[in-house]
Amino acid sequence: MNLLGVDVGFAKDRRTTGLALRIGDGVKMAITGTPWEQRRRDLPNVPFVLAALDAPILPEHDGCPYRDCERLFYGGAFWNRCRPGLSHREQRGLPLRLAGMQAASQFAALVSGARLAAPLAVRPGTGIIEAFPNAFLGVLLRDGDYGYFNRAADGHKSDWMFKRVAEQGTLRVLLSKLGWTEQDTVHLFEEQAGSNGHHEKRAALVCLMTAGFAAASSAVVVGSQAHGWFWLPPWECWQDWAKRALESQLRRRPEAVWWRGPFFH
């Protein structure tokens, strides 16, 4: 089963798009640019069943709403741990939303085979889903871990999270649940958790795991049909604080739901 994870960078003068590919029983990575001709050049000529993109994935007609899935993680215990940016706001939010729209249209041509259940198919006819690496990693960290984060020393919070998840052994647990236990694959993931890891490659690998758990129908999917969904790791991997936080937020914001139906039809 061929899967694709994409960290949708949108810099015009640098290569900031991370690609992670699961083809057969191996994983490959690349860093490419924003123009489609560059992205397409760095992808093999194979069809993908699912692609998980780290960018807002909304219906094309949706305009500029305040998204339910973002609102869920913008309060409670998530606030100072793994809250998202609000993509309806200007500055970084709106450009990222536009980049997500463009990337979804680009990569849709390469994704076939997965027929998502109608409410989950934000882009009907495509196997495009939305990854959120900060929350994916954030819910895996222990309650006390966050006190160790030092932005000045640790840089991007998502990079620090990736390293912590690897250090506590959870990265190997996730790979085992996915069945991605080949020595080269495990080494690739753990190498990216080291000091020489690459920000966009780490994010792309999290997106790839997101696609893997979606394909296995074991992801946690929260949001709304109207404005899109976050696809997150299996519930049994979440820390207790994160479970309580999500349940609390869902009670406070009934417009957002935890999708309990089948992922595919």
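For this structure, a couple of remarks:
- FRET efficiency for the pair Glu247 and Ser176, taken as 1/(1 + (r/R0)^6) with r the Cβ-Cβ distance and R0 = 35 Å, rounds to 0.85.
- Tensor-based shape of the stretch 204-265 (alpha-carbon gyration tensor, a/c under 1.5 rounded, otherwise prolate or oblate): oblate
- Inter-label distance for Glu190 and Tyr66, nm, one decimal - labels placed 7 Å from Cα along Cα-to-Cβ: 4.6
- Karplus 3J(HN,Hα) series, Hz, for the stretch 128-141 with 6.51 cos²θ - 1.76 cosθ + 1.60 (x for Gly, Pro): 9, 10, 9, 9, 9, x, 4, 6, 3, 6, x, 6, 8, 7
- Inter-label distance, Lys28 to His265: 3.5 nm, where each label sits 7 Å from its Cα along the C-beta direction.
- Cα gyration tensor shape for the stretch 108-265, rounded if a/c is under 1.5, else prolate or oblate: oblate
- Between His198 and Ser105, full extension at 0.36 nm per residue minus the direct alpha carbon distance yields a gain of 30.9 nm.
- Within the stretch 3-258, DSSP assigns beta bridges of which about 70% are antiparallel (rounded to the nearest 5).
- For peptides 224-230, 190-196, 73-79, 128-134, sequence by mean Cβ density within 10 Å, most packed first: 128-134, 224-230, 73-79, 190-196
- Extension gain from Asn80 to Ala11, taking 0.36 nm per residue of separation minus the Cα-Cα distance: 22.2 nm
- Global form of the chain, assessed from the alpha-carbon gyration tensor, a/c cut-off 1.5: rounded
Computed from the coordinates by the stated procedures, all read-outs in this text should not be read as laboratory data. Since we're looking at a predicted model, the values are computed, not measured. Cβ atoms come from the backbone with ideal geometry, glycine included; neighbour counts cover every protein chain shown.
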